[in-house]
1. If I model a spin label as a point 7 Å beyond the Cα along the Cα-Cβ vector, how far apart are those points for residue 50 and residue 98 in nm?
2. Please list 275-282, 376-383, 64-71 highest first by mean number of surrounding beta-carbon atoms within 10 Å per residue.
3. When you count, for each residue, the other Cβ atoms within 10 Å and take the mean per peptide, how do 134-146, 50-62, 305-317 rank with the highest first?
4. Anything over 32 Å Cα to Cα? Flag those among 320/365; 168/311; 311/365; 83/168; 168/320; 69/365, in the order listed.
5. Ordering 420, 197 from largest to smallest accessible area (1.4 angstrom probe), what's the sequence?
6. May I ask you to order 159-168, 104-113 by the average number of other C-beta atoms within 10 Å around their residues, highest value first?
Amino acid sequence: MVSRRGFMAGLAGAAMLPRVLGDSRAWAAAPSAPLVLNAAETTLTLPGCQRPTTLWTYGDAWPAEIRLKRGEMAHLLLRNQLKDHTAIHWHGLRVPHAMDGVPYVTQDPVKHGEEFMYSFAPPDPGTFFFHPHCNTVEALGRGLAGALIVEDPREDGLFDLDRTLVVKDWRVAGDGSYLSFMTDRGAARAGTFGTRRSVNGATAPVITAPPGARVRLRLLNVDTSRIMTLGAAGAPVSIVATDGNACPPFTLDGWRLGPAMRADLALVMPVRPGSRVEIRDTWGQEPFPLAVLVAEGSPGTADRRALALPKAELPRPDLKTAEFLTLSLQAGVSDPALDSWLKENRFGDDALCRAERLFWAINNKAWPAMDMDKRPPPLAELTPGRSYVVEIANHTQHPHPIHLHGHTFQVLSSSRGPIRAHWADTVLVAPDERVRIAFVAGQPGDWMLHCHIIEHQETGMMGYIRVG
Ligand code: C2O
Ligand code: CU
């Protein structure tokens, strides 16, 4: 088997080659050639459907996966072949503000037939993803998201097998046609759930691995609503990275993975051929299988090194000097001025980027529009390089996975009891819970902060912090 390293080296000077990587599809670019991401339609027959569904994807298959190298400048050319305008947000990557992919905030929307070049050197290794930032309920509903893996030479040789598992539900009927992506009932509560579950577009993909192999599974929840509780059967499985950031290994049992959250899992395959390991979502009454690993082939050399990733290298907030801020997650709209503005302007010229209803707010501010003149003031103004502790208080009856752009934060504590401190870019906050996160304010700019239950994001639960 060609190693990832050999494959990348072999590509030097070539433009771009598609490559099928097990269950997912990956593209790799030579260091300076742009990697082309065609936002376009593709078809796939989803689990339980008799006919194919038209999906939106990057490239020509679903899910798209790209691999970049830590610290190496990457050039990613978005070509928009979809009818609506779009842009790409690199979720969890600490990219320069101009590359953050938020229409009207960091760039102009990329219209049908247009292109936009994203150039950045990803500073941190890990498992990330990318998706658009307007009309996201529909775009993500149709599948417009891809996995982004940032490789680090420090991780070379740690695992025998590295697979990506993209979890997403689909709102489709049996004939493959879409049901409405958004409902008032869902938007005002826990989100509108899909009717078919999938992992890499299929039901519980089967992955074969040599007995005794060291396996890394990169699990991404790109669903717009679903929260999972992780579990496993057949072997001990640990989490070695949260939202892509290495952590001391701990058991995955009971770990919650909300929309946009990722977990890197590590395990050693049982040595008996035919043995099975199942990764599960145990949130519901019956455990739901996400993937099945089967021990097959000639046994690997029993490698006794600990299953762990090299330590995360992120800016560490100084908790002693940190400034304290609070964010309060609220149901309902508390700003009548914004509400009436919204009513008057509902049929303005870019409905794709604007809410039609407001059910949620942060610190009494709702995000009604991406119009520069009409958007609310920042939730907070921060100084680059300064440390902040932010308490996020959930005053609603539903959990919210809260995401901050451009920063990786430490999740420090919860009002509900002891938690495992960890790095993240999205944190799940339960009803009545107060969670404290800490980070060093990064590059200057307006960085979006929002719920990643996309119907909540698009009905008010979004704002931004201003750094600079
Ligand atoms: Cu995946 Cu604004 O986020
Ligand atoms: Cu929410």
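The values are calculated or read from the model by the stated rules, or taken from the named source; none is laboratory data. Fair warning: this is a prediction, and the values are worked out from it, not measured in the lab. Cβ: placed from backbone, ideal geometry, glycine included. Neighbour counts: every protein chain shown. Ligands, DNA and RNA are stripped out before the accessible areas are found, and what is left, the full protein with its side chains, is counted by its heavy atoms. Shrake-Rupley method; radii C 1.70, N 1.55, O 1.52, S 1.80 Å.
1. In this crude spin-label approximation the distance works out to 5.4 nm.
2. Details: 275-282: 19.2, 376-383: 16.5, 64-71: 21.1.
Ranked by mean Cβ neighbours within 10 Å, highest first: 64-71, 275-282, 376-383.
3. Values: 134-146: 23.9, 50-62: 18.5, 305-317: 15.2.
The densest-packed peptide leads the list: 134-146, 50-62, 305-317.
4. Beyond 32 Å: 311/365; 168/320; 69/365.
5. Numbers: 420 120, 197 50 Å².
Result of the area sort, largest leading: 420, 197.
6. Numbers: 159-168: 21.8, 104-113: 16.5.
Sorting 159-168, 104-113 by mean packing, highest first, produces 159-168, 104-113.
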